[in-house]
1. Take the range 228-264 and flag every residue that is among the hydroxyl-bearing types (S, T, Y), modelled with pLDDT of 95 or more and more than 12 Å from G380 (Cβ to Cβ).
2. Can you name every residue in the range 355-391 that is in contact with a Gly (Cβ under 8 Å, 6 or more places away or on another chain) and part of a helix (DSSP H, G or I)?
3. Within the set of pairs 6+ apart or on separate chains, which have a first residue in the range 340-356 that is closer than 18 Å to L177 by Cβ and in the same structural domain as G301 (by TED's automatic domain parsing), a second that is assigned to a loop (DSSP other than H, G, I, E, B) and hydrophobic (A, V, I, L, M, F, W, C), and C-beta atoms under 6 Å apart?
4. Starting from residues that are in a loop (DSSP other than H, G, I, E, B) and at pLDDT 50 or above, keep the ones in the range 162-183 and report whichever is farthest from A343 (Cα to Cα).
5. Select from the range 217-227 the residues that are under 12 Å from M262 (Cα atoms) and under 22 Å from the mean Cα position of the chain (by Cα) and write down the one among them that is surrounded by the fewest Cβ atoms within 10 Å (Cβ to Cβ).
6. On the basis of being surrounded by fewer than 13 Cβ atoms within 10 Å (Cβ to Cβ) and either part of a loop (DSSP other than H, G, I, E, B) or not aromatic (F, W, Y) (or both), does T501 make the cut?
Amino acid sequence: MSAWTDLHGADLDALELTPHVYETSSISTCLFTRKRLQMKKTLTGVTFLVLAMSLLVLTFSSNKVSAQKGKIIHVQPVVQEPQFNFVPGRLLVKFRPEIGLDHARQVIAALGARDADEIPEIGVHVLELPDQASEVAVQRTFKARPEVEFAELDRLHPAQQVIPNDPLYGNQNSWSLPKVDALDAWTINTGSSSVVIAVLDSGIDATHPDLASQIVPGWNVYNNNSDTSDVCGHGTAVAGAAAAASNNAIGVASVAWGCRIMPVRISDASGVASESAIANGLAWAANHGARIANISYYVTGSRTVSSAAKSFQSKGGVVIAAAGNYGISESIGDDPYIVTVGATDPSDILYTWSSRGNNLDLVAPGNVFTTLMGGSYGTGGGTSFAAPVVAGVAALIRSNNPTLTPLEVQNILRTSADDLGDVGWDPNYGYGRVNAYRAVLASQTAVGTLDLAAPIVSITAPNSGVKVTGTVNVEVDATDNVGVVRNELYVDGVLKASSTTAPFTLKWNTRKAAAGMHQLECRAYDRAGNVGNSSSVTAYK
């Protein structure tokens, strides 16, 4: 499990801010309630005991520990494999664009489901299944229908944070803000009040002295009302990392303190959120003026959330999400509608618990000093807190140049990052660790100068129509005006191999492939994140 630490009584002298010392001297923590997700309709089949024990939800210890000025606190990270529960009796289905509503409802009824709701901005139907129906079996049945674009379980996600193993010193800025060069960025822009960051989370404590002036009206998607108060503390800490009030002689500093925060509660009381709630939250935020959205949840691979992010982007917004704290390497390809963020330590080394892979865009500090419920302050650790650092930088970019498109903002984030690991993009660090100063500086002259040209890519071997056996070398020709940094091979829409080294030859092991026809496609990426797609090649086994 994971935690942040509530710190009082340490020296809170702010770098470039007015000092303020708090008198209370205790470190308090609070325990997340481990309870079942409350549903409007009681359904059988899933308990949340396993979820609470196996996933990285935000937790606190009830122990009281004395804190002294300058005291170092060591805590250890917890790494666990991702295991997902889902909302019982529910399926998320999107039909192909050419399928009319009447036809879609006929298919739904024919398969024994009920069209309980729809997310109209993205055309995803929220289906209720009959009692005792197997969600996985019904999902497979829907996926097999030619009318269906995708069908997936409504997975449940815990908040993505861990207990940091970094020493906690008493400085309110910790190390994250200097690391991303925020102080130099603030000489250009500290954020605009017209730029709103939607924090999709457990709610926000709007009475906190460093948040009260930052909040704009939000929405409680979980309960379908306007009560966005924080039910477990995670959202308050995430919000503070992005845009807590700063240079005000109290508390902490944040990345984009001039921007505003829109609380969108998507979780239950234990901090667990469904993908349908996340998608609905994105839709609500986009319709109410948010242009940056932060999701400190592991949403990798969710077609529903990706569709909602695409809609958010079409309305001028940029979506940032946590990579997850499972320490795994993702094989899924990049999502062009979500900036996925991993977590690094003070030495710019990827934390062992930070997930990595082909979907990773950037990394950011995985330990921040931030706001906690009840007006207190402490540290938050994990990709949950790396994501809002990037969201804050995106907000600074948009504040400095409001004419930029979402793609231009995303490109600036990537091209201005401090390259880590292998040269160029790599699966451990993406395009590198976010740099606020370079990003804001780039945004001043970005219009018309960004690289928006996608690579040109084609499969040169095997030829279309040939029969293949064993391991096949798929040869790729990829060119770009700046340079190609990665190629991916997809077989029947599934990622099979990737390469970051030219000449790009990708290997496809056909031994496990089914007999018959297969479609091969390659995708090439340049450093700015532009993606080029090859024409498909047909191969037979």
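The values are calculated or read from the model by the stated rules, or taken from the named source; none is laboratory data. A quick note: this is a predicted structure, and the numbers were derived from the prediction, not measured. Backbone-built Cβ (ideal geometry, glycine too); neighbour counts: all protein chains shown.
1. Of the range 228-264, the ones among the hydroxyl-bearing types (S, T, Y) are 228-229, 236, 246, 254.
Cutting the leftovers down to modelled with pLDDT of 95 or more gives us 228-229, 236.
T228, S229, listed by residue number.
2. M373, T383, F385, A386
3. V341/A323; P346/W175; D348/L420
4. Only one residue tops the list, namely N171.
5. Filtering first and then ranking leaves N220.
6. The answer is yes for T501.
Every residue, every condition in (1) of a type in the set (A, V, I, L, M); (2) under 24 Å from T479 (Cα atoms); (3) in contact with a helix residue (DSSP H, G or I) (Cβ under 8 Å, 6 or more places away or on another chain); (4) assigned to a strand (DSSP E or B), yes or no:
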residue	(1), (2), (3), (4)
W508	no, yes, no, yes
A514	yes, no, no, no
E521	no, yes, no, yes
A524	yes, yes, no, yes
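Okay, residues lined up against (1) surrounded by fewer than 23 Cβ atoms within 10 Å (Cβ to Cβ); (2) in contact (Cβ under 8 Å) with a residue 40 or more places away in the chain; (3) part of a loop (DSSP other than H, G, I, E, B):
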site	(1), (2), (3)
D205	no, yes, yes
D210	no, yes, yes
S229	yes, no, yes
G240	no, yes, no
N247	yes, yes, yes
G251	no, yes, yes
S254	no, yes, yes
M262	no, yes, no
